[in-house]
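*Asks:* Below you will find the structure I want to go over with you.
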Amino acid sequence: MEKLEVTKTLKIDFNLNPIEEIKKKIFFPNSSINKIKLREKPAFFYKFNFKTVFNYLEETEEVISEVYVFNSKPIKGDLSSYIVLDAKIPLSEIPDTKNAYFVAKEEVKKRIQKKTNEISLRLRLNLKKEKEKIEKKFKVETKDFHKKLEEITENLMKFAKSGNMEKIAEEKKFIDSLKEQSNFQALEKDKLHEIQLESQKHFLNVENKLENLTAIYYPIFVFTIDVNAQPLKKSFTVELNPISNNVTGISCESCSNKVKEIIICSTGHAVCKNCSLICESCSKVYCKKCLKNNCEICSKKICKNCGVRCFRCSKLVCKNHTRVDKLTGRYYCINCSKRCERCGEMKDPFNFKISKKTNAEICETCYRKEMQGKVLEGVFES
Ligand SMILES: [Zn+2]
Ligand SMILES: [Zn+2]
Ligand SMILES: [Zn+2]
Ligand SMILES: [Zn+2]
Ligand SMILES: [Zn+2]
Ligand SMILES: [Zn+2]
C-alpha cells in the first residue's frame, strides 16, 4: 500500500455568526431560549489527487483525478465556494486517513471505469486479430502434414471396411513416422508459446498513484442551549456542521425523529409537533406518552392532574364530570353521585338517610338539619 501522508493542510473560514445561524434552524414554540453556549469541535475532510497510469502494448496513458471525501463519502464539488486559508496543523491532530483513502480509491476506480473498459475492449479485439495471424501462419507450415494425414485416414477407412488388419497396422506405422518427420508437436508448442507472448503484451496494467493528500480543517459548532419552559428548565446539546449545513443532537423523545421545532411537554419531554397534544381540560401542553387518558364520559383527552377516579364505579373522568361531596371528601362521576331531592345538590350516594318526616331519602346534610330542627321544635314546645 502507498504511504498515506497528508501533504497539505488548509482551513475554511466560515464568515458566519454561529449563534445567529442556529437560531434560524431550531425553534422552541412553547419555551424561550435563556442562554446559548458555543464551542468548536475540530473536523476534517480530505482532497485526494490521484494519477492513474494505463500501461498496455507499448503505450502509457495518464489520467489525473481529484476526489473529495467528506464523512467517509465521496462528494461532488470543490472548494471554490469557500474562503480557504493555508493552515499549519500538526499532523498528529489529523485523524487517521486510511478509511477516507479507501473511499477515494474506490471512487477513482469508478471514474476511470469507462476508460478501462474501452482500452480492454480494444486490446481484446487486437489480440483476437493477432491470434488469427499466428494460427494462419502455422496452418501453412503444417499444410503438407495435414494433407498426408488425410490420405492415410482415407486408407484406414478403406481397410477397416475390408477388415484388412495387416494393412491397418501398416498405415498406423505411417502415421507415427509422419509425425516424427513433420515435427508437428514442436510446431504446436511454438504456436502456443507465440500466442502466450501476444496475450501478455496485450495485458492492461492500471495503477492508481496517490499524488497529494490535502486535509481541510473546519469547525463543527457545538451549542448548549438552555430553555425556560415555565416552570421547567431544559438544556440541549446541538451540533451544526457548516459544510453539510446539518443540525444534529435533538430528536423527538416520543417518535425519535429529528426535529427543528421543539415543543416541551409539561412534564419535561422534548417532542415534535406531531407528538405534542393539549389536555382538553386544563389546556396544558403534553406529549403523547404523557397524555394517554380520556374521560370515560365525554372522551376528552385529559392529563394526570385533570382525571379523577369515581369512588363508586372506578371510571376515570374529567373535572366537568366529577362531583365532590364536601362532607365525605369523596369524588364521584356525575352518573354515580346522587341528587338529594330536598336540597337539589349532587351528593355522596353512600351517605343518604331516610327522612323521619317524609320517609324520603335525603342527604346527610339535610338529614342533620332535619334532626336539629326536631330538637329545636322540642325546646320551644316545652
Ligand atoms: Zn415526535
Ligand atoms: Zn389537564
Ligand atoms: Zn411528556
Ligand atoms: Zn361513577
Ligand atoms: Zn368528561
Ligand atoms: Zn340534601
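The values are calculated or read from the model by the stated rules, or taken from the named source; none is laboratory data. Worth saying up front: this structure is predicted, and the values here are computed from it rather than measured. All Cβ positions, even for glycine, are placed from backbone atoms using ideal geometry, and neighbour counts span all protein chains on display.
*Asks:* Keeping to the range 340-382, report how many residues are part of a strand (DSSP E or B) and within 29 Å of V308 (Cα to Cα).
*Replies:* Final tally of qualifying residues: 7.
*Asks:* Residues V53, V69, V63: which one is under 33 Å from the mean Cα position of the chain (by Cα), modelled with pLDDT of 95 or more, at negative phi and not in a loop (DSSP other than H, G, I, E, B)?
*Replies:* After applying the criteria, what remains is V69.
*Asks:* Could you pull out every one of the strands (runs of 3 or more DSSP E) wholly within the range 284-339 that has 2 or more residues that are within 16 Å of ligand 3 (Cβ to nearest atom) and on the phi > 0 side of the Ramachandran plot?
*Replies:* Ranges flagged: none.
*Asks:* Are any of the residues in the range 15-36 closer than 25 Å to F102 by Cα, among the basic types (K, R), touching a residue at least 60 places away in the same chain (Cβ under 8 Å) and in contact with a strand residue (DSSP E or B) (Cβ under 9 Å, 6 or more places away or on another chain)?
*Replies:* no
*Asks:* Follow-up. Scan I83, I112, I94, I89 and give me the residue that is closer than 27 Å to L204 by Cα, in contact (Cβ under 8 Å) with a residue 12 or more places away in the chain and in the same structural domain as N208 (by TED's automatic domain parsing).
*Replies:* Of the residues listed, the single one that is closer than 27 Å to L204 by Cα, in contact (Cβ under 8 Å) with a residue 12 or more places away in the chain and in the same structural domain as N208 (by TED's automatic domain parsing) is I112.
*Asks:* Now a separate question. Report every pair of residues separated by at least 6 positions or lying on different chains whose Cβ atoms are under 7 Å apart, first residue within the range 188-208 and touching a residue at least 24 places away in the same chain (Cβ under 8 Å) and over 21 Å from R111 (Cα atoms), second among the acidic types (D, E) and surrounded by 11 or more Cβ atoms within 10 Å (Cβ to Cβ).
*Replies:* If the second residue must be among the acidic types (D, E) and surrounded by 11 or more Cβ atoms within 10 Å (Cβ to Cβ), the pairs left are E198/E130.
*Asks:* Could you give every pair whose Cβ atoms fall below 9 Å, whose first residue belongs to the range 263-286 and is outside the structural domain of I302 (by TED's automatic domain parsing) and at pLDDT 95 or above, and whose second residue is within 16 Å of ligand 6 (Cβ to nearest atom) and assigned to a helix (DSSP H, G or I), counting only separations of at least 6 or pairs across chains?
*Replies:* Filtered contacts from the range 263-286: no entries.
*Asks:* Output yes when any residue across the range 224-245 is in a loop (DSSP other than H, G, I, E, B) and among the acidic types (D, E), and no when none is.
*Replies:* Taking every residue of the range 224-245 in turn, none turns out to be in a loop (DSSP other than H, G, I, E, B) and among the acidic types (D, E).
*Asks:* Additional query: Which ones in the range 260-283 are within 8 Å of ligand 3 (Cβ to nearest atom), more than 21 Å from R309 (Cβ to Cβ) and of a type in the set (V, I, T)?
*Replies:* Scanning the range 260-283 gives a single hit, V271.
*Asks:* Okay, moving on. Going through the range 123-151 one residue at a time, which ones are farther than 30 Å from N205 by Cβ and either among the aromatic types (F, W, Y) or at pLDDT 85 or above (or both)?
*Replies:* Within the range 123-151, F145, E150, E151 qualify.
*Asks:* Still on this structure, please answer the following. Here are C340, C336, C298, C313: which of them is in contact with a Ser or Thr (Cβ under 9 Å, 6 or more places away or on another chain) and either within 30 Å of E370 (Cα to Cα) or at pLDDT 95 or above (or both)?
*Replies:* C340
*Asks:* Separate question: Can you confirm whether V308 is closer than 30 Å to K284 by Cα and without any contact (Cβ under 8 Å) to a residue 12 or more places away in the chain?
*Replies:* Judged against the criteria, V308 is not a match.
*Asks:* Kindly provide the set of residues from the range 229-262 that are touching a residue at least 12 places away in the same chain (Cβ under 8 Å), surrounded by fewer than 17 Cβ atoms within 10 Å (Cβ to Cβ) and in contact with a Lys or Arg (Cβ under 7 Å, 6 or more places away or on another chain), ordered by number.
*Replies:* Scanning the range 229-262 gives K260, E261.
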